[in-house]
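Below is one structure, written out as structure tokens; the observations come after it.
The values are calculated or read from the model by the stated rules, or taken from the named source; none is laboratory data. Keep in mind that this is a model prediction, so the values were computed, not measured. Cβ: placed from backbone, ideal geometry, glycine included. Neighbour counts: every protein chain shown.
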Amino acid sequence: MSMLKRLRGEPRTTVSFLGRNLTLYRQGSRVGLFVGLATFVAFNLPWHLLPAGGEMLRLLTTVVGCYLAATLMASRTTAEMGADEAAARWL
């Protein structure tokens, strides 16, 4: 079992819209909200105090944190793909 699948847990619900499925996960929603909050806190740290590349690190931290939070909470797949297959996908 992949680490992502363990973090997400079991699928909670699946919503169909325009030929795509959005699968929301039980455990992943809580972990994703925590990661989102941690990203917000990290974004507001005083990055300007770093002599070089502080703003670049701030941007990189924000992008990675937001992507990870969204990936943990849900996955968007084609309508033909089942919830178990969707849970195994990373990208």
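Summary of computed values
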quantity: Unique match (being part of a helix (DSSP H, G or I), over 12 Å from the mean Cα position of the chain (by Cα) and surrounded by 14 or more Cβ atoms within 10 Å (Cβ to Cβ)) among THR23, THR39, THR61; calculated: THR61
quantity: Number of the condition not met by GLU85 [criteria: (1) at pLDDT below 80; (2) surrounded by 14 or more Cβ atoms within 10 Å (Cβ to Cβ)]; calculated: (2)
quantity: In segment 43-58, the residues that are surrounded by 15 or more Cβ atoms within 10 Å (Cβ to Cβ) and not charged (D, E, K, R); calculated: TRP47
quantity: Failed criterion for LEU45 (all others in (1) at pLDDT 85 or above; (2) assigned to a helix (DSSP H, G or I) hold); calculated: (2)
quantity: Segment 10-49, subset among the β-branched types (Val, Ile, Thr) and in contact (Cβ under 8 Å) with a residue 12 or more places away in the chain, residue farthest from THR77 (Cα to Cα); calculated: THR39
quantity: Qualifying residue in segment 48-57 (condition: assigned to a helix (DSSP H, G or I) and either within 16 Å of the chain's Cα centre (by Cα) or of a type in the set (S, T, N, Q) (or both)); calculated: no
